[in-house]
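**Q** This is the structure, below, for whatever I ask next.
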Amino acid sequence: MDVDNASIADMWNRLTGSQPDPPLWLVGLVGLLALGAVLHGPTWRVARNTVTIAHEGGHALIALLTGRKLDGIKLHSDTSGVTVSRGRPHGPGMIFTALAGYVTPPLLGLLFAVLLAAGRITLMLWFSLALLAAMLVMIRNAYGALSVIATGATIFAVSWLGSSTVQAGFAYLAAWFLLLAATRPVIELQRMRARHMAPSSDADQLAHLTGVPGLAWVSLFGATALLALLAGGALLVPDVSVPDLPVPPGF
């Protein structure tokens, strides 16, 4: 029993304890890798699945919090997704549910940045696992289940088997990616709206629900992504101290 208690205590300390900040070069390197994943088309088409998971998870969470009944989530191989909930077809619950999708990835990235700035690298990784596990219960198609399981397995392997440097690099990469990637889907959304290819987009649903033009909602999505990137980036980059320069005699 003492061994079991000690193991639980060690696990708890590992989960809630703080880890040292990674070196600046590592933070910068994974930030550049994240930026490359966003800008490089073939890589983006794969990595965008992560943004879709966060997007649909945001819809699902707010639907539940506002009292709607969540029927399920589907993720598709073209990186699109759909979250189906039941309840009043209008009103605050529906509005906040529709609003949540595009703002969740940048806000989640900002939350990760807050945890990492506090040295809670392991907590950030296991918090991600908890979110994925909760989402997996509501997935209703095979590709969606595979995407969530593969993402969770990767995070678990890194958090359980990786060295402290590997864990830090992966955690910072995830935070940077969510912060940097959040703007691109908003740009893609407006391009599709301009070509009349997304009549049922979140922005257009919000316009129908509120009477506020869809472009205003797209602007809100973009502003949220940019503000989260600025705030999160400031948290992720450690303070760089400038050494004092020698003062010549007589000054």
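The values are calculated or read from the model by the stated rules, or taken from the named source; none is laboratory data. Keep in mind it's a predicted model, so treat the numbers as computed, not measured. Note that we place each Cβ from the backbone using ideal geometry, even for glycine, and neighbour counts take in every protein chain shown. Each accessible area value is taken on the protein alone, full model and side chains, heavy atoms only, with ligands, DNA and RNA left out. Shrake-Rupley method; radii C 1.70, N 1.55, O 1.52, S 1.80 Å.
**Q** When the accessible area of segment 36-95 is split by element with a 1.4 Å probe, what percent falls to carbon and sulfur?
**A** Numbers: 1930 of 3050 Å².
About 63 percent, which is the carbon plus sulfur part of the accessible surface.
**Q** What whole-number distance in Å separates the alpha-carbon centres of segment 114-145 and segment 82-108?
**A** Segment 114-145 and segment 82-108 have Cα centres separated by 19 Å.
**Q** Okay, next question. Report the calculated FRET efficiency for Ser200 and Ser163 (r = Cβ-Cβ distance, R0 = 51 Å), to the nearest 0.05. If you can, show how the numbers build up before the last one.
**A** Values: r = 46 Å, r/R0 = 0.90.
About 0.65, to the nearest 0.05.
**Q** Return one whole number: the accessible area per residue of the chain in Å², for a 1.4 Å probe.
**A** Working: 13670 Å² over 251 residues.
That works out to 54 Å² for each residue.
**Q** With a 10 Å cut-off between alpha carbons and a GNM built on the chain, which of Asp202, Asp21, Asp71 moves the most?
**A** Among Asp202, Asp21, Asp71, the largest mean-square fluctuation in the Gaussian network model of the chain belongs to Asp71.
**Q** Extension gain Leu227-Leu26, at 0.36 nm per residue separation less the Cα-Cα distance, in nm? Working shown, then result.
**A** On the way: separation 201, 0.36 × 201 = 72.36 nm, distance 2.35 nm.
Value of the extension gain: 70.0 nm.
**Q** Heavy atoms only, probe 1.4 Å: what % of the accessible area of segment 141-200 goes to carbon and sulfur, would you let me know? Write out the running numbers ahead of the final one.
**A** Numbers: 2100 of 3020 Å².
Exposed carbon and sulfur together represent 69 percent of the surface.
**Q** A further question follows. Calculated FRET efficiency, Val46 and Leu215, Cβ-Cβ r, R0 22 Å, to nearest 0.05? If you can, show how the numbers build up before the last one.
**A** Details: r = 30 Å, r/R0 = 1.36.
Step by step, r from the Cβ atoms, then E = 0.15.
**Q** Taking only complete DSSP H runs, can you tell me which helices of the chain stretch 30 Å or more along their own long axis by Cα positions and average at least 0.5 on the Kyte-Doolittle scale?
**A** On the way: long enough: 41-65 (36 Å, 0.31); 92-117 (34 Å, 1.75); 214-236 (33 Å, 1.92).
Sorted by number, the helices that extend far enough and score high enough are 92-117, 214-236.
**Q** Please find the FRET efficiency linking Leu35 to Leu65, where r is the Cβ-Cβ separation and R0 is fixed at 25 Å, and quote it to the nearest 0.05.
**A** On the way: r = 33 Å, r/R0 = 1.30.
With R0 = 25 Å, the Cβ-Cβ based efficiency is 0.15.
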